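Have a look at the structure below, then the notes.
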Amino acid sequence: MKKELFEKLNSYLADTAVMYIKLHNLHWNVYGVQFKAVHEYLEAIYDVFTENMDAVAELLRMHDKYPAASMAEYLKITDVKELASEKIENKAALAIVLDELKALDKKAKETRKLADADDVFDVVAMMEEHSGYFQKTIWFISSMLAK
């Protein structure tokens, strides 16, 4: 795995880890109409992030690379912005998740493209799988927010 792909994948790992924490923040602090449904939906999303985070880190190790593995490292290389711990209305929480998923989908596609150029097919396959999940979740959340 070339340095550029490693750095991109490691940044994607950091985004996934910071987003995992951000999703917990939203899950714990969300309120409003349909609270229970949104609260549980956010939990389902962060459960996927748990699996993705582990899978990306293990993939890096399979390529004899050492993934970032601390919050300090993640915060240095992530594009995800942290969120204050405060009450947040359902639609605002979903809009935040929607924007972040769009950005993560873009990064997954960029990472996939780099991996494809280097014939690193396990990374290609993983990024395609993650992008598929992001696209479906983007559709769900967009539908929830439609007026």
> Here are some residues: Lys109, Lys147, Lys136. Which one is among the basic types (Lys, Arg) and at pLDDT below 95?
Replying inline: Lys147
> If you check Ala69, Ala95, Ala117, Ala125, which single one turns out to be without any contact (Cβ under 8 Å) to a residue 60 or more places away in the chain and over 18 Å from Lys8 (Cβ atoms)?
Replying inline: Ala95
>> So, in the stretch 46-63, how many residues would count as being of a type outside the set (A, V, I, L, M) and in contact (Cβ under 8 Å) with a residue 12 or more places away in the chain?
In response: 5
> Quick check: anything in the stretch 12-26 within 24 Å of Ile77 (Cβ to Cβ), over 13 Å from the mean Cα position of the chain (by Cα) and open to solvent by less than 50 Å² (accessible area, probe 1.4 Å)?
Replying inline: yes
> How many of the residues in the stretch 84-105 are under 11 Å from Ile138 (Cβ atoms) and among the charged types (D, E, K, R)?
Replying inline: 4
>> Name the residue that is farthest from Asp119 (Cα to Cα), counting only residues in the stretch 1-36 that are in contact (Cβ under 8 Å) with a residue 24 or more places away in the chain and basic (Lys, Arg).
In response: Lys22
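The values are calculated or read from the model by the stated rules, or taken from the named source; none is laboratory data. Note that this is a predicted model, so its numbers are computed, not measured. Note that each Cβ is placed from the backbone with ideal geometry, even for glycine, and that neighbours are counted across all protein chains shown. Accessible surface is based on the protein model in full, side chains and every heavy atom, while ligands, DNA and RNA are left aside. Shrake-Rupley method; radii C 1.70, N 1.55, O 1.52, S 1.80 Å.
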